[in-house]
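K.L.:
I have a structure I would like to understand better, so I am pasting it below and will then ask my questions one at a time.
The values are calculated or read from the model by the stated rules, or taken from the named source; none is laboratory data. Please read all numbers here as calculations on a predicted model, not as lab measurements. Backbone-built Cβ (ideal geometry, glycine too); neighbour counts: all protein chains shown. In case anyone asks, the SASA skips ligands and DNA or RNA and just uses the protein heavy atoms, side chains included. Shrake-Rupley method; radii C 1.70, N 1.55, O 1.52, S 1.80 Å.
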Amino acid sequence: MNANYVILCIDDEETILDSLSMELSGCFAGVELELVQDNAEAEELARELIAEGLEIPVVVCDYIMPGRKGDEVLAAIHAIVPKARTVMLTGQSSLEGVTKAINRANLYRYIAKPWDRDDLILTLRGALESYVQEATIQRQNAELKELNEGLERKVVERTAELQAANAELAEANRTITQYLDIIDQHVLICRIDKAGTITYASEAFCRRSGFERSELIGHSYWYTLYFNLSESRIQEIMTTLERGETWQGEIRHQSKDGEYYWVHEIVSPDLADESLILGFTSIRQDITDKKAVEELSITDALTGLYNRRHFNSVLERELGRARLANQWLAFAIFDVDHFKPYNDNYGHAAGDEVLKRIGQLLNERYRRGRDYVFRIGGEEFAVLITVRHPAEAEEAAANLVSAIADLKLPHGHTPVAPYITISLGLRLISPEEESATVDQIFIEADSRLYRAKESGRNRYVR
């Protein structure tokens, strides 16, 4: 490991810094550890380290500190060392703080206190390796660019001399071979003929997909590697390519062993001329880590459902989509009946378990591609699904009310039933409702929820 690397740790508590020093010392060979208790001094220390020719690949920072919060400190450090991986280490962070750190400081990971030593070390090691890998790739790209530019200059200068030209061609072939080997090892590339049969797959492509070359070459690109995608999505990509245009987008693929991973994929037609398509080339960039961080910002930590922040954008988008597709939507808001007495008598930990169990049930019931479930606050949840007709929506609402009751989660402090129940407001959205807004739909569903409460609870009202 580079002896010029420094891991910078910032925390206003001396005991925390002592713990970090004790647990991390000796874990990263050749890497220094700098500890800062005063967050106001962190920026100055970072500048001094850079001036001394040192690199700061990883910054670890507490969230709750006097003066500035951790996300502000990380944002300031990020401005000085933008390529450093930042890790927030605290037991009192907020979603807002984590989101700010994601947006302003390229947050690599959030670790709650008290931390698990192995998890902390693995996280910092992963951050360090990610930094080193990026630096290595950038260096290799610069070297390749320099080699290519040097080669072009030599070819121009020596074309008049046959011997020199032959020698230069030999060197060019060697360089190109090395270049192609680097691409093969590090770039996810696949080539496909016009019929959709795979003709080449790089070693990096094989590693990420989990397939051997022999399992790819000669087989259908679409049905071997896109088996977890819908026919409509595959058709969308193929239609674009058949027009001689390039398709690009983010896709969640599934490897041979079942692991899901995200890529930004560009598929381009290989053209002999403007109209003759010989085949296609796919280049992928693995964005699994990026998508994981994005998921943190839109997911409720307790239940695993989408949060209120994501709710507004999804409802707005699905309204437009359903109108174009001439489809009905069913939107429901529900909350747990008499949840405050439950918390008061059983404790908030038990209340959290109830919310988790409801979240689990929602995830199990609504698994279609156009089903969305949210925790929008406290004990309040929302469901948005596509239906064929209003009767299907009412059946789904009734079934959900029954399913929660069937969990038989004991509740001895409600007059409704001896177990947890819900009240639900259902708002049907016709594809012809062009004037219906997100706020209007939410208010009307919420009003029906309160009518369900007033009429006895443990029911839905449309």
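K.L.:
Give GLU48, GLU34 a once-over and let me know the one that is in contact with a Leu (Cβ under 7 Å, 6 or more places away or on another chain), open to solvent by 50 Å² or more (accessible area, probe 1.4 Å) and not polar (S, T, N, Q). So that I can check it myself, show each step before the final result.
P.N.:
Working: GLU48 fails: in contact with a Leu (Cβ under 7 Å, 6 or more places away or on another chain).
On inspection, the qualifying residue turns out to be GLU34.
K.L.:
Given (1) out of contact with any Leu (no Cβ under 9 Å at 6 or more places or on another chain); (2) closer than 20 Å to ASP446 by Cβ; (3) not charged (D, E, K, R), identify the lone condition not met by HIS413.
P.N.:
(2)
K.L.:
From the set of residues in region 17-26 that are open to solvent by 30 Å² or more (accessible area, probe 1.4 Å) and in contact (Cβ under 8 Å) with a residue 12 or more places away in the chain, which is farthest from the chain's Cα centre (by Cα)? Don't jump to the end; show me each part of the working.
P.N.:
The initial filter retains those residues of region 17-26 that are open to solvent by 30 Å² or more (accessible area, probe 1.4 Å), namely 18-19, 21-23, 25-26.
Remaining after also requiring in contact (Cβ under 8 Å) with a residue 12 or more places away in the chain: 21, 23.
On the way: SER21: 31, GLU23: 30 Å.
This residue is SER21.
K.L.:
On to the next question. From ALA172, ALA167, which residue is hydrophobic (A, V, I, L, M, F, W, C), out of contact with any Lys or Arg (no Cβ under 6 Å at 6 or more places or on another chain) and open to solvent by less than 50 Å² (accessible area, probe 1.4 Å)?
P.N.:
On the way: ALA167 fails: open to solvent by less than 50 Å² (accessible area, probe 1.4 Å).
Sole residue among the options that is hydrophobic (A, V, I, L, M, F, W, C), out of contact with any Lys or Arg (no Cβ under 6 Å at 6 or more places or on another chain) and open to solvent by less than 50 Å² (accessible area, probe 1.4 Å): ALA172.
K.L.:
Of the residues in region 211-229, how many are touching a strand residue (DSSP E or B) at 6+ places or on another chain (Cβ under 9 Å) and under 22 Å from ILE182 (Cα atoms)? Spell out the reasoning first.
P.N.:
Step one: filter region 211-229 for residues touching a strand residue (DSSP E or B) at 6+ places or on another chain (Cβ under 9 Å), giving 211, 213, 216-222, 224-229.
Within this subset, residues satisfying the condition of being under 22 Å from ILE182 (Cα atoms) are 211, 213, 216-217.
The qualifying residues number 4.
K.L.:
So ILE10 ticks every box in (1) within 23 Å of PRO114 (Cβ to Cβ); (2) free of Cβ contacts under 8 Å to residues at least 60 places away in the same chain; (3) of a type in the set (Val, Ile, Thr) but one. Which box is left unticked?
P.N.:
Tallying (1) within 23 Å of PRO114 (Cβ to Cβ); (2) free of Cβ contacts under 8 Å to residues at least 60 places away in the same chain; (3) of a type in the set (Val, Ile, Thr), ILE10 fails exactly one: (2).
K.L.:
Let me ask something additional. Here is a list: ARG252, ARG243, ARG233. Which entry is of a type in the set (Lys, Arg), out of contact with any Gly (no Cβ under 7 Å at 6 or more places or on another chain) and more than 23 Å from LYS194 (Cα to Cα)? Working first, answer last.
P.N.:
Details: ARG243 fails: more than 23 Å from LYS194 (Cα to Cα); ARG233 fails: more than 23 Å from LYS194 (Cα to Cα).
Among ARG252, ARG243, ARG233, only ARG252 is of a type in the set (Lys, Arg), out of contact with any Gly (no Cβ under 7 Å at 6 or more places or on another chain) and more than 23 Å from LYS194 (Cα to Cα).
K.L.:
Given (1) of a type outside the set (Ser, Thr, Tyr); (2) loosely packed, with under 12 Cβ neighbours inside 10 Å; (3) under 31 Å from the mean Cα position of the chain (by Cα), identify the lone condition not met by GLU14.
P.N.:
It fails just one condition, (3).
K.L.:
Now a separate question. Of all residues in region 264-299 being touching a His at 6+ places or on another chain (Cβ under 9 Å) and under 25 Å from ALA349 (Cα atoms), which is modelled with the highest pLDDT?
P.N.:
Among those that are touching a His at 6+ places or on another chain (Cβ under 9 Å) and under 25 Å from ALA349 (Cα atoms), it is THR299.
K.L.:
Then there's this: Does TYR342 count as under 18 Å from GLY304 (Cα atoms), open to solvent by less than 40 Å² (accessible area, probe 1.4 Å) and among the hydroxyl-bearing types (Ser, Thr, Tyr)? Please lay out each step first, then the result.
P.N.:
Numbers: under 18 Å from GLY304 (Cα atoms): no; open to solvent by less than 40 Å² (accessible area, probe 1.4 Å): yes; among the hydroxyl-bearing types (Ser, Thr, Tyr): yes.
In short, no.
K.L.:
Go through region 394-409 and give me each residue that's surrounded by 14 or more Cβ atoms within 10 Å (Cβ to Cβ) and touching a strand residue (DSSP E or B) at 6+ places or on another chain (Cβ under 8 Å).
P.N.:
GLU394, ALA396, ALA397, ALA398, LEU400, VAL401, ILE404, ALA405, LEU407, LEU409
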